[in-house]
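The values are calculated or read from the model by the stated rules, or taken from the named source; none is laboratory data. Predicted, not measured: the structure shown is a model, and the values here were computed from it. Here the Cβ positions follow ideal geometry from the backbone for every residue, glycine too, while neighbour counts run over all protein chains shown. Only protein heavy atoms, including side chains, enter the accessible area calculation; ligands, DNA and RNA are left aside. Shrake-Rupley method; radii C 1.70, N 1.55, O 1.52, S 1.80 Å.
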Amino acid sequence: MTSPHAPASLPFAKLPPAEQRQRLRDLAIVFLKLGAIAFGGPAAHTALIQDEVVTRRGWLTSEALLDLIGVTNLIPGPNSTELAIHIGYERGGWRGLAIAGVCFILPAALIVWVLAMVYVRYQSVPALGWLMYGIKPVIIAIIVQALGKLGRKAAKDWPTTLAGVAVMVAFFVQIDEILLLVLAGLAVMVIKNRRLPGSFSGLLWLPLPLAQMTASSEALAIAWHQVFWFFLKIGSVLYGGGYVLLAFLQRDLVERSQWLTSQQLLDAIAIGQVTPGPLFTTATFVGYVLAGHRGAIAATVGIFLPGFLLVGLVNPWVPKLRRSPWVSSFLDGVNAASLGLMATVTYTLGRAALVDGLTIALAILSTVLVFRFKINAVWLVLAGGLIGFLSQSF
């Protein structure tokens with residue numbers, strides 16, 4: 001295991017074959033574990049990844065992780081999954097990219113797939129509320145720890161600190177998240193480079209506007225390839241995370257094509273909330289409901305495939321972009337804005353998670369354990385689930 005203070009920098013291609021295989025095995029183990037316990041949405045996933053990859057294994061520095069977080073916020077697709085894919089590419093090239101991404105997605109996709117089979121047979125969702133009752137307060141503590149560590153790196157000077165605070169304020173007045181990221185990046189870039197010669201032309205590509213997508217409603221007998229193309233289009237243009245995905249599904253599958261009923265969509269949302277991993281695995285549930293096993297596979301592959309391709313294209317450019325003073329300043333602003341958004345999500349999650357004395361006590365105890373005793377997040381999540389189960393049973 002590499003020291004947390006000296007991240008390994010030897011390129012994957014220069015390693016002996018035995019060490020290459022070991023790196024790929026380590027990636028598989030870490031991201032299978034994270035995929036199985038990553039409850040709580042992108043902010044919580046980022047916190048768990050930070051704890052495992054930066055603090056415990058030293059694969060990346062906090063600064064490098066922040067750069068990857070900033071880049072994932074500027075491309076479409078599921079942010080936490082793309083962060084896992086970026087880390088896989090950094091550690092193991094294209095093979096690492098595939099292994100990290102698939103292993104992070106696989107546990108959630110399989111769980112959701114099984115629950116979809118149960119749902120189609122019995123037309124009900126298993127009662128899993130007790131699990132989240134105990135896990136959510138623990139997740140809050142884990143996110144707070146990550147915010148503390150990453151925040152010290154992101155808020156490196158007064159422009160980035162001001163950008164982070166401004167984004168938190170702007171978020172609560174309902175300004176679009178992607179717009180906030182871009183504006184924060186541009187503001188910090190201009191402030192830091194206002195005395196440098198040069199122009200703004202050709203500095204950075206910016207996200208394109210979201211394309212309008214429509215789903216065909218020509219037939220109610222839905223083939224797996226129709227499911228695949230629908231979710232491929234979504235995965236190619238969707239910014240804003242899993243909750244924006246649900247808006248797309250409501251508009252296209254319920255209102256336009258009427259492939260799903262509103263109740264089925266609500267049940268799909270419930271399944272996504274009470275299972276670990278990316279919320280985009282809601283697509284697995286929807287795909288199974290629409291077209292059985294082939295539909296589940298088609299939807300899962302379709303919605304995640306663009307993320308793999310985009311990360312593979314963008315990742316090699318991150319160090320080059322960082323060497324430009326203009327783009328480096330832009331990424332500083334995006335990083336600060338990302339942490340600001342993460343803080344606002346933590347506040348929102350906290351209001352939903354801390355509902356009584358037990359959950360408040362559990363959050364406080366978990367915070368003490370992660371800050372004072374450096375307890376592994378995996379054990380905290382498992383303990384939170386057990387406490388939730390016992391509290392409901394007794």
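Order the peptides 285-298, 16-29 from the highest to the lowest mean number of other Cβ atoms within 10 Å of their residues.
The most tightly packed comes first, giving 285-298, 16-29.
Give the accessible surface of region 272-334 per residue, rounded to a whole number of Å², with probe radius 1.4 Å and ligands, DNA and RNA excluded.
For region 272-334, the solvent-accessible area averages 32 Å² per residue.
On alpha carbon coordinates alone, what is the Rg over Rh value for region 290-394, Rh being the Kirkwood radius? Show your work: numbers first, answer last.
Values: Rg = 20.8 Å, Rh = 18.4 Å.
My calculation puts Rg/Rh at 1.13.
Could you tell me how many cubic angstrom of Cα convex hull volume region 70-124 has per residue?
Taking the convex hull of the Cα positions in region 70-124, it is 88 Å³ per residue.
Which order do the peptides 324-336, 48-60 take when ranked by the mean count of other beta-carbon atoms within 10 Å per residue, highest first?
324-336, 48-60
If the chain between HIS293 and SER262 were fully stretched, how many nm would it gain, using 0.36 nm times the residue separation less the Cα-Cα distance?
Full extension of this stretch gives 9.0 nm more.
For region 1-118, what is one quarter of the convex hull surface built on the Cα atoms, given in nm²?
Computed as one quarter of the Cα hull surface, the answer is 7.6 nm².
Give the aspartates and glutamates reachable from LYS192 as a straight Cα distance under 14 Å; neighbours fewer than 8 places away on the same chain don't count.
ASP157, ASP332
Report the trypsin sites (Lys or Arg not before Pro) located in region 299-394 that are in a DSSP loop and have at most 12 other Cβ atoms inside 10 Å of their Cβ, or state none.
When the trypsin sites (Lys or Arg not before Pro) of region 299-394 are filtered for loop state and at most 12 Cβ neighbours within 10 Å, LYS374 remain.
Given the Cα-Cα distance of VAL368 and ASP157 and 0.36 nm per residue of separation, how much length would full extension add, in nm? List each step's numbers first, then the result.
Details: separation 211, 0.36 × 211 = 75.96 nm, distance 2.85 nm.
The span from VAL368 to ASP157 would gain 73.1 nm if fully extended.
Quick one: if you stick a label point 7 Å off each Cα along the C-beta vector at ARG351 and LYS33, how many nm between them?
3.5 nm
Can you give me the Kirkwood hydrodynamic radius for region 137-191, using every pair of distinct Cα atoms, in Å to one decimal?
In region 137-191 this quantity evaluates to 12.3 Å.
Mind jotting down a quarter of the surface of the convex hull over the alpha carbons of region 269-337, in square nanometres, one decimal? Working shown, then result.
On the way: hull surface 25.5 nm².
Averaging across all directions leaves 6.4 nm² for the Cα convex hull.
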